[in-house]
Amino acid sequence: MSVTPSRGLYLYLKTVETALHDEIVTNDEATILHVLANALGVSPGDTAECLSIARGDIKNPFDEISEDYSGHHLGDVTTYQSALIAALDDEIISEDEWSMLDVLRKIIGLQSDQHAMIEESIRSMSEIDDNGNRRIHRLNRFNTVCPFN
């Protein structure tokens, strides 16, 4: 079985490659990958195949095409926000998680004003959310570890 190249699959695969940089996918990274798979419409079968592609076990279908799937597209901000909230809600935030999010925002070309709107939304939700204070503390940590450039 071979995956069919698409923008969602491209973003997911690039994030998987980041998660596998240290050859281990932690539970926290798996949570973000699950959120991304759902948001990007990547099927469970394709997620398994992406792991094999990222490990180099099977050929990367994006190596044979000329289409560029990077850059900003409709829905990217919502996808990034979902992944960021999933990371902020984890019990432990690893540097690997931050790296995955940083790679995702660079691949999709997230703009500083979009990032600011996401932050504002997360901060405003904190007042009505049981996890709000913890989420804000982790958001501040994320901005320290991976400042928006």
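The values are calculated or read from the model by the stated rules, or taken from the named source; none is laboratory data. Everything numeric here is computed off the predicted structure, so don't read it as measured data. For neighbour counting, all protein chains shown are included, and Cβ atoms are generated from backbone atoms with ideal geometry for every residue, glycine included.
Each residue in region 36-49 was checked for being in a helix (DSSP H, G or I) and either on the phi > 0 side of the Ramachandran plot or over 13 Å from the mean Cα position of the chain (by Cα) (or both), and 6 of them qualify. Within region 60-107, take every residue that is in a helix (DSSP H, G or I) and aromatic (Phe, Trp, Tyr) and give me the one that is modelled with the lowest pLDDT. Filtering region 60-107 for residues that are in a helix (DSSP H, G or I) and aromatic (Phe, Trp, Tyr), the one modelled with the lowest pLDDT comes out as 98.
Can you tell me which residues in region 1-35 are among the small types (Gly, Ala, Ser) and either part of a loop (DSSP other than H, G, I, E, B) or in contact with a Lys or Arg (Cβ under 9 Å, 6 or more places away or on another chain) (or both)?
If we filter region 1-35 for residues that are among the small types (Gly, Ala, Ser), which is where we start, we get 2, 6, 8, 19, 30.
Within region 1-35, 2, 6 qualify.
Among the candidates 122, 24, the residue that is modelled with pLDDT of 85 or more and surrounded by 12 or more Cβ atoms within 10 Å (Cβ to Cβ) is uniquely 122.
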